[in-house]
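I have placed the structure first, in the form of structure tokens, so that the comments after it can refer back to it.
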Amino acid sequence: MKNIVLGLALAGSLFMNAQKKEQNTASKSPVTFGVKAGFNASTFSNSNSDYGDNNEKIKLGSHVGVFVTIPVAEKFSIQPELLFSQMGSKTEQQYTYASLSDGYLVKREFSYKTNLNYLVLPVMVQYNILPKLYVEAGPEFGYLLGGKSEGDLKTEDTFGGSVTIRNESFSNKIPMELYNRFNVGIGIGAGYYFTQNFGVTARFSAGITDLFKDNLYENKIRNNALQIGVAYQFK
């Protein structure tokens, strides 16, 4: 009888220890790796109100890369990422020059896109509001790889009652010597995982550093982008 009691006590002890280990393992979220991709809606912002943002429109691009999620507390994680991200802006401008004495009028309409390619390292601090829903914020560090300006130019010349219209297209690499290679911004966003592996992400990135090396009339131009995409975690 004594042996039976000892055996039951030992079995119960082993069962309780196994249950505690299982709970501890479940409560500790492992480090996870993943991939993400999506679209960018980017534009430039101007710090000088005299120049405004009226000429700057949204340009579409994309982003793709990898990430690692590192739990640091029950609901907090740190997520470093390495992304290839297309930034830039679409610009529309109009110029008019008139000489009343000569009856000469020139109108020019520019419509072009500035495409900037960055290698970006965001470091996001994430907080899980719900098990599958999180919000995030953190710095982003970018390095400009290169870019291109492409678009159309329409010129309308009026002289002596005669009108001449010319349409031109252009595509040129950006002059890298005019641009700051490093870009720093702040990102805020959220994400939701429909399953253990697959989720959707949204983030707004606001630039802090100036896009160009020289500021014209103290006018700082910065990158801004809204990123919408999907993420897949390997678990």
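The values are calculated or read from the model by the stated rules, or taken from the named source; none is laboratory data. Keep in mind the model is a prediction, meaning the values are calculated, not measured. When we count neighbours, we look across all protein chains shown, and the Cβ atoms used for this are built from the backbone with ideal geometry, even at glycine.
Worth a mention:
- Every residue from the range 146-178 that is of a type in the set (Val, Ile, Thr) and surrounded by 12 or more Cβ atoms within 10 Å (Cβ to Cβ): Thr155, Thr158, Ile174
- Out of Leu121, Leu116, one residue alone is surrounded by fewer than 18 Cβ atoms within 10 Å (Cβ to Cβ), within 23 Å of Gln86 (Cα to Cα) and either of a type in the set (Asp, Glu) or modelled with pLDDT of 95 or more (or both). It is Leu121.
- Pairs where the first residue, in the range 162-175, is over 13 Å from Lys107 (Cβ atoms) and the second is surrounded by 10 or more Cβ atoms within 10 Å (Cβ to Cβ) and of a type in the set (Lys, Arg), C-beta under 6 Å, 6+ apart: Lys173/Lys148
- Pick from the range 179-203, criterion closer than 25 Å to Ser45 by Cβ and among the hydroxyl-bearing types (Ser, Thr, Tyr), ranking: surrounded by the fewest Cβ atoms within 10 Å (Cβ to Cβ): Tyr179
- Residue match in the range 192-199 (condition: among the small types (Gly, Ala, Ser) and within 23 Å of Glu81 (Cα to Cα)): yes
- Residue within the range 62-84 that is part of a strand (DSSP E or B), at pLDDT 95 or above and among the acidic types (Asp, Glu) present: yes
- Filter result for Gly160 (at pLDDT below 95 and small (Gly, Ala, Ser)): yes
- With respect to being in contact with a Gly (Cβ under 8 Å, 6 or more places away or on another chain) and not aliphatic (A, V, I, L, M), Thr114 fits the description.
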